[in-house]
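Visitor: Just passing along the structure, written as structure tokens.
The values are calculated or read from the model by the stated rules, or taken from the named source; none is laboratory data. Not measured: the values here are computed from a predicted model. Glycine also receives a Cβ, built like all others from the backbone with ideal geometry; neighbour counts cover every protein chain displayed.
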Amino acid sequence: MNTCRICGNPDGNRDFVAREMMFGLRHPFDYFQCGRCECLQIREFPADMAPYYPANYYSMEAELPGPKGLPLDAWRRLDSRFRLGVCNYGHTKRREIFDWLRESGAGYDSEILDVGCGRGKLLHEFHLDGFRKLTGLDPFIAHDLSYPNGIRIHKRELFDHQGSYQLIMMHHSFEHMPDQLRTLEAASRLLRPGGTLLIRIPVVSSFVWREYGTDWYQLDAPRHFYLHSRKSVSVIAERAGFRVDKVVFDSKAAQFWGSEQYRNDIPHRSPRSYGENPKGSMFTPGRIREFARRSRELNRAEDGDAACFYLRRKEAPDAD
């Protein structure tokens, strides 16, 4: 395969070899970058992905948040209603979450679907904030999950799911899906008129790809089949009947410390990794703060290595 799966371009594509470095397997995988839409993509899908999603893969072992007691839980729900209905504030993860919800138009009665959610950590956060109509999908979980709080997570693909949703989310899962067009078409089928498809993904049209190449932390071979550019997201969205309504860059300091580690042959799950053992890593606290500062600058310049894309369906014009 040397023809771009996103735009169909067969010419001017550049070849790369990337290693599996999250778990330090170092298996090589062939990728190519489209000369037209700039999407970086794996040449051949591995026949067996199970070795690359072990039981300790991060979304499968995430600790699930739970109630903290009546006063704190009541305060959180009050804070949530203020953020959603009046004013979002601060620079915390909660600010980011409520930016997604406000931009999507989701309310407390909205049906929300999280695709590629693992055990459902984010959905549990939403439940603590007062949202109740919460569903997840993940084909890599061992079995369906039904939680006492009403959250349901199904072991299935998006194509096999039925329902109707105001907000469909793919938080760093879209890049793992082999059939990008079919995935977006399935999302379009499940999305209510006026609803939002929120896709957060790594972005190859970024400073760190130009700087680190195949040592880029978020290339994450072979789990990431596609590393999109802004251009390629627009192309595939258009083919599926969506428009890109808004793009917000949200890269983090890991784009630097993770890439520096890979450049020095240090896997992400190594005892020498900052992600596993900050005090035993190669970085001082000052350098980590500098990475965070540079990441904020890159986000402002729209050159960070991750972004949130808000997609809305292009409704057919009314007949005369």
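Visitor: With respect to V115, determine if the residue is aliphatic (A, V, I, L, M), under 29 Å from S259 (Cα atoms) and within 18 Å of the chain's Cα centre (by Cα).
Guide: Taking the combined requirement at face value, the residue satisfies it.
Visitor: Further, regarding this structure: Within the stretch 81-89, can one find any residue that is in contact with a helix residue (DSSP H, G or I) (Cβ under 8 Å, 6 or more places away or on another chain), in a helix (DSSP H, G or I), among the charged types (D, E, K, R) and touching a residue at least 12 places away in the same chain (Cβ under 8 Å)?
Guide: Yes.
Visitor: Same structure, new question: Name every residue in the stretch 267-320 that is modelled with pLDDT under 95 and among the hydrophobic types (A, V, I, L, M, F, W, C), in order of residue number.
Guide: Answer for the stretch 267-320, where residues must be modelled with pLDDT under 95 and among the hydrophobic types (A, V, I, L, M, F, W, C): A316, A319.
Condition check ((1) modelled with pLDDT of 95 or more; (2) within 19 Å of the chain's Cα centre (by Cα); (3) assigned to a loop (DSSP other than H, G, I, E, B); (4) surrounded by 14 or more Cβ atoms within 10 Å (Cβ to Cβ)) across all residues:
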{"residue": "Y108", "(1), (2), (3), (4)": "yes, no, yes, yes"}
{"residue": "L122", "(1), (2), (3), (4)": "yes, yes, no, yes"}
{"residue": "P139", "(1), (2), (3), (4)": "no, yes, yes, yes"}
{"residue": "A142", "(1), (2), (3), (4)": "no, no, yes, no"}
{"residue": "Q166", "(1), (2), (3), (4)": "yes, yes, no, yes"}
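Visitor: To continue, here is another question. So, restricting to strands (runs of 3 or more DSSP E) that lie completely within the stretch 1-63, which ones have at least 3 residues that are over 20 Å from Q255 (Cα atoms)?
Guide: In the stretch 1-63, the matching strands (runs of 3 or more DSSP E) lie at 28-33.
Matching residues to (1) on the phi > 0 side of the Ramachandran plot; (2) surrounded by 19 or more Cβ atoms within 10 Å (Cβ to Cβ); (3) among the hydrophobic types (A, V, I, L, M, F, W, C); (4) over 18 Å from the mean Cα position of the chain (by Cα):
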site	(1), (2), (3), (4)
S173	no, yes, no, no
T183	no, yes, no, no
L191	no, yes, yes, yes
V203	no, yes, yes, no
Q218	no, yes, no, no
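Visitor: Identify, by number, the condition in (1) of a type outside the set (G, A, S); (2) more than 15 Å from the chain's Cα centre (by Cα); (3) in a helix (DSSP H, G or I) that E96 doesn't meet.
Guide: In the conditions (1) of a type outside the set (G, A, S); (2) more than 15 Å from the chain's Cα centre (by Cα); (3) in a helix (DSSP H, G or I), E96 misses (2) alone.
Visitor: In the stretch 270-288, is there at least one residue being out of contact with any Pro (no Cβ under 6 Å at 6 or more places or on another chain) and under 15 Å from L219 (Cα atoms)?
Guide: no
Visitor: Sticking with this one: If you take the residues in the stretch 278-300 that are aliphatic (A, V, I, L, M) and free of Cβ contacts under 8 Å to residues at least 40 places away in the same chain, which one is nearest to L227 (Cα to Cα)?
Guide: I288
Visitor: While we're here: Inside the stretch 83-98, can you point out the residues that are closer than 17 Å to D109 by Cα and surrounded by fewer than 13 Cβ atoms within 10 Å (Cβ to Cβ)?
Guide: G85
Visitor: Can you tell me which residue is modelled with the lowest pLDDT among those in the stretch 73-106 that are more than 19 Å from I151 (Cβ to Cβ) and polar (S, T, N, Q)?
Guide: Only one residue tops the list, namely T92.
Visitor: A further question follows. Give the residues of the stretch 240-264 that are over 19 Å from the mean Cα position of the chain (by Cα), closer than 11 Å to M22 by Cα and not hydroxyl-bearing (S, T, Y), sorted by residue number.
Guide: Listed by number, the list holds a single entry, Q261.
Visitor: Of the residues S110, S164, S173, which single one is closer than 21 Å to D250 by Cβ and in contact with a helix residue (DSSP H, G or I) (Cβ under 9 Å, 6 or more places away or on another chain)?
Guide: Residue meeting the stated conditions: S173.
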